[in-house]
1. Taking only the range 272-297 into account, find how many residues are more than 11 Å from residue 228 (Cα to Cα), part of a loop (DSSP other than H, G, I, E, B) and in contact (Cβ under 8 Å) with a residue 60 or more places away in the chain.
2. What number of residues in the range 4-31 are in a loop (DSSP other than H, G, I, E, B) and farther than 30 Å from residue 191 by Cβ?
3. Mind checking whether some residue in the range 217-225 is out of contact with any helix residue (DSSP H, G or I) (no Cβ under 7 Å at 6 or more places or on another chain), surrounded by fewer than 17 Cβ atoms within 10 Å (Cβ to Cβ) and either at positive phi or not assigned by TED's automatic domain parsing to the domain that holds residue 275 (or both)?
4. Just to verify a result, which residue in the range 144-159, among those that are closer than 20 Å to residue 57 by Cβ and at pLDDT 95 or above, is surrounded by the fewest Cβ atoms within 10 Å (Cβ to Cβ)?
5. Here are 321, 278: which of them is touching a helix residue (DSSP H, G or I) at 6+ places or on another chain (Cβ under 8 Å) and at pLDDT below 95?
6. Applying the selection to the range 26-47, what residues are surrounded by 22 or more Cβ atoms within 10 Å (Cβ to Cβ) and closer than 13 Å to residue 153 by Cα?
7. Looking at this structure, is residue 258 part of a helix (DSSP H, G or I) and in the same structural domain as residue 52 (by TED's automatic domain parsing)?
8. Quick one: would you say residue 245 is within 16 Å of the chain's Cα centre (by Cα), within 22 Å of residue 186 (Cβ to Cβ) and surrounded by fewer than 16 Cβ atoms within 10 Å (Cβ to Cβ)?
């Protein structure tokens, strides 16, 4: 499932390529025909990302809510203009890591996540935006024929955005949008950081639920998925089974602050980079290979990078939880 950084990146793609333009909307798959008819011919005027959901407003105060869920993805094709403040799905040169080290050479990631090579000026191309981006494919036919089960196509004169496999693709009124957002926990890129910290801390400290489950609850905190959950818990040296109300308050607050640090890095690089203080060579390796990017995620059976204890993987509410039984005892 896409984590919060992916949805914010997708929203920025919409800001750059769709907002301010009139769209032709259709549902090639046929499952969103009535909704597409409502927004067809309207101008997209605003886009918002909150937690793992994106809200796109059209003139007339009509809102489109999209939750990608486990399998959803957006494909952008045509003249795709990439926001210089973030990477495209193929990245950009001069990426800055947590220590301020600038890496100027391209870094290709065989796992399909973002790399650090610029796609340059807008070109006729295809960009896949989901949890795992798949890069660029040159496009010759315009508009491109729908590929697969396209729930919704938004087409401007120069850019096409195709939505496949979302958990939710619905139209909402402004009041319904606000009601949806009100049910979500704080998002570091949307809410005031201090207010978000207080909300998150107050919620966690009254819950008997294990902290490892609370971090995945979008009503508690927005945007954290399986990868960030495992990494934030390890970085805090926190046992995932500890009830939220028993986690020391300062640890709870530090986990919020850590999320507020990690989320912008994910938006900027397109990768869930959770390793700190890497030298340039180690940073390049981490950007190129997921195996060098995380402390514990997807490292079951391998030695902890800190203490050497074998990393454990277990099922927690149907999702895989990775942790070090020594560092996080």
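1. Narrowing the range 272-297 to residues more than 11 Å from residue 228 (Cα to Cα): 275-293.
Applying the additional criterion that residues be part of a loop (DSSP other than H, G, I, E, B) yields 275-279, 289, 293.
From what is left, the residues that are in contact (Cβ under 8 Å) with a residue 60 or more places away in the chain are 276-279, 289.
Qualifying residue count for the region: 5.
2. Going through the range 4-31 one residue at a time, the tally reaches 5.
3. Within the range 217-225, none of the residues are out of contact with any helix residue (DSSP H, G or I) (no Cβ under 7 Å at 6 or more places or on another chain), surrounded by fewer than 17 Cβ atoms within 10 Å (Cβ to Cβ) and either at positive phi or not assigned by TED's automatic domain parsing to the domain that holds residue 275 (or both).
4. 156
5. Details: 321 fails: at pLDDT below 95.
278 is the lone residue from the list that is touching a helix residue (DSSP H, G or I) at 6+ places or on another chain (Cβ under 8 Å) and at pLDDT below 95.
6. Those that are surrounded by 22 or more Cβ atoms within 10 Å (Cβ to Cβ) and closer than 13 Å to residue 153 by Cα: 32, 36, 39.
7. no
8. no
The values are calculated or read from the model by the stated rules, or taken from the named source; none is laboratory data. Bear in mind that the values here come from a model prediction, so they are computed numbers and not experimental data. Cβ sites come from the backbone with ideal geometry, for glycine too, and all protein chains shown count toward neighbours.
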